[in-house]
Amino acid sequence: MRSPNSLMLQTDIEQQILQGVSRSFALTIPQLPRNLCRTVRNAYLLCRIVDTIEDEVSLSIDQKRTFFHEFIDVVNGNLSADKFAAQLYPLLCNKTLTAEKELIQNTPIVIRTLFSFSKAQQSVLRRCVKVMATGMLKFQEIKSPNGLKSLSHMSSYCYHVAGVVGEMLTDLFCGYSEDISKNRENLISLAASFGQGLQMTNILKDLWEDKKRGACWLPQDVFNDVGFDLKNLTAGAYSPTFSQGLAELIGLAHAHLKNALSYTLLIPRHETGIRKFCLWAIGMAILTLQNINKTRNYTSGGDVKISRKSSRMVILVSNTTLRSNALLKMFFKIATRGLPAANSIKPSLGPAISYAVEDLPLKYQSSAD
């Protein structure tokens, strides 16, 4: 058993790394109850390691395949974290964030923290890493600067990189609180949709940065239906038909975020930390969608990024209203005014495309059950 001082040092290192790789999560995760904060922070860093492999431009698809599978082995305790880090770290290019390099270098610390959790918590985190890594690999194999074939492909991508995180968080929340666990079935039915709303917002915001890396996660069929070919997508060459396709995706993201609010309202009112964690993310995503909707000829994520003042406003409004479901519904309606209509959608329960990973369930089932 590790000493309390050793665990505190690991916590400090992980929090420092988190601040470097994600300012938003470095802000929201500490709002969670103490018993959840350490687990969710570690879970985010595990996911960020997988994400770093996905985004690393210097790695070939064969190298990514190797590192995805090796990291699954690392979290399962079948491969040395030191060996994994020693092999991956030297391959990271100069464009990779310094914080991400530090994260890879400190993989052994992140894994030691993982192994300090209960067996049930470890199982939940391991499932998330496996689904995410295996799914990301599938999409790395078919990625194209001309987009994905269909909206169902985009939804599956969102599931593998974000929806599964919603499911993981739900299991952790339910493990933390019996009151929350009473609503587990309803929460799980909305969890992937919550993740998709946040991920679709990020995809739209980061469209041009992704394209520079040779990837585009927009669905070709949505844009073909309005007369725009994603092969012709060029920054600065704005097209009204592209704007039409963009509006449909904004509307879909809006609908998923409405499900995200429904998810949050199922969390007991007295769990203020968890509600803050959810509401801050939803509010910032809504304001980002508003910026995209108003500036559809944007050419970089910076053009539609919300200001610090807007972030502070989200926090203030969320914290003031978080115990009132009626007020939260009212402010959601006000905040989303002007966005394409949020039509009713059926919450996603998991990947549903032909090349979905064969050994993964099409319908969610917790490995901790």
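Please go through segment 54-63 and give me each residue that is touching a residue at least 12 places away in the same chain (Cβ under 8 Å) and more than 15 Å from the chain's Cα centre (by Cα), ordered by number.
Of everything in segment 54-63, those that are touching a residue at least 12 places away in the same chain (Cβ under 8 Å) and more than 15 Å from the chain's Cα centre (by Cα) turn out to be Glu56, Val57, Ser58, Leu59, Ile61, Gln63.
Helices (runs of 4 or more DSSP H) wholly in segment 147-211 with at least 2 residues that are within 20 Å of Asn293 (Cα to Cα) and assigned by TED's automatic domain parsing to the domain that holds Ile282 - which ones?
151-158, 184-205
Evaluate the following for Thr39: is it buried (at least 16 other Cβ atoms within 10 Å of the Cβ), outside the structural domain of Trp217 (by TED's automatic domain parsing) and at pLDDT 95 or above?
yes
Can you name every residue in segment 1-15 that is closer than 24 Å to Asn202 by Cβ and at pLDDT 80 or above?
Glu14 - this is the single residue of segment 1-15 that is closer than 24 Å to Asn202 by Cβ and at pLDDT 80 or above.
Go through the residues of segment 96-109 one by one and say whether even a single one is in contact (Cβ under 8 Å) with a residue 24 or more places away in the chain, in contact with a Lys or Arg (Cβ under 7 Å, 6 or more places away or on another chain) and either among the hydroxyl-bearing types (Ser, Thr, Tyr) or not in a loop (DSSP other than H, G, I, E, B) (or both).
Yes, some residue in segment 96-109 is in contact (Cβ under 8 Å) with a residue 24 or more places away in the chain, in contact with a Lys or Arg (Cβ under 7 Å, 6 or more places away or on another chain) and either among the hydroxyl-bearing types (Ser, Thr, Tyr) or not in a loop (DSSP other than H, G, I, E, B) (or both).
In segment 21-28, is there at least one residue being assigned to a helix (DSSP H, G or I), modelled with pLDDT of 95 or more and within 22 Å of the chain's Cα centre (by Cα)?
no
Taking Asn259 as the residue in question, decide whether it is under 25 Å from Asp206 (Cβ atoms), in contact with a Ser or Thr (Cβ under 9 Å, 6 or more places away or on another chain), touching a residue at least 60 places away in the same chain (Cβ under 8 Å) and not aliphatic (A, V, I, L, M).
yes
Identify all residues within segment 263-294 that are in contact with a helix residue (DSSP H, G or I) (Cβ under 6 Å, 6 or more places away or on another chain) and of a type in the set (Ser, Thr, Tyr); write none if there are none.
Tyr263, Thr264, Thr288
Could you run through segment 299-326 and say how many residues are without any contact (Cβ under 8 Å) to a residue 24 or more places away in the chain and closer than 23 Å to Glu248 by Cβ?
2
Does at least one position in segment 245-261 carry a residue that is under 30 Å from Asp229 (Cα atoms) and touching a strand residue (DSSP E or B) at 6+ places or on another chain (Cβ under 9 Å)?
yes
If you check Gly251, Gly273, which single one turns out to be under 30 Å from Leu172 (Cβ atoms) and not in a loop (DSSP other than H, G, I, E, B)?
Just one listed residue meets the conditions, Gly273.
Count, please, the residues in segment 60-90 that happen to be within 16 Å of Gln140 (Cβ to Cβ), in contact with an Asp or Glu (Cβ under 9 Å, 6 or more places away or on another chain) and surrounded by 15 or more Cβ atoms within 10 Å (Cβ to Cβ).
6
So which residues in segment 218-248 are more than 19 Å from Asn291 (Cβ to Cβ), outside any helix (DSSP H, G or I) and either of a type in the set (Phe, Trp, Tyr) or more than 27 Å from the chain's Cα centre (by Cα) (or both)?
Across segment 218-248, the qualifying residues are Asp225, Val226, Gly227, Phe228, Asp229, Ala237, Ser239.
What's the number of the condition Phe25 fails, among (1) crowded, with 21+ Cβ neighbours inside 10 Å; (2) in contact with a Leu (Cβ under 7 Å, 6 or more places away or on another chain); (3) without any contact (Cβ under 8 Å) to a residue 40 or more places away in the chain?
The single condition Phe25 does not satisfy is (1).
When you scan segment 16-60, how many residues do you find that are charged (D, E, K, R) and closer than 21 Å to Leu322 by Cα?
Summing the residues that are charged (D, E, K, R) and closer than 21 Å to Leu322 by Cα in segment 16-60 gives 1.
Quick one: in segment 134-173, of everything that is β-branched (Val, Ile, Thr) and over 30 Å from Arg269 (Cα atoms), which residue is surrounded by the most Cβ atoms within 10 Å (Cβ to Cβ)?
Taking the candidates together, the pick is Thr134.
Taking Tyr238, is it at pLDDT 95 or above and of a type in the set (Phe, Trp, Tyr)?
Here the answer is no, as Tyr238 does not meet what is asked.
I'd like the residue in segment 286-340 that is hydrophobic (A, V, I, L, M, F, W, C) and assigned to a loop (DSSP other than H, G, I, E, B) and, out of all such residues, is nearest to the chain's Cα centre (by Cα).
Ile306
The values are calculated or read from the model by the stated rules, or taken from the named source; none is laboratory data. Just so you know, these numbers come straight off a predicted model, no measurement behind them. Neighbour counts are summed over all protein chains in view; Cβ atoms, including those assigned to glycine, are modelled from backbone coordinates with ideal geometry.
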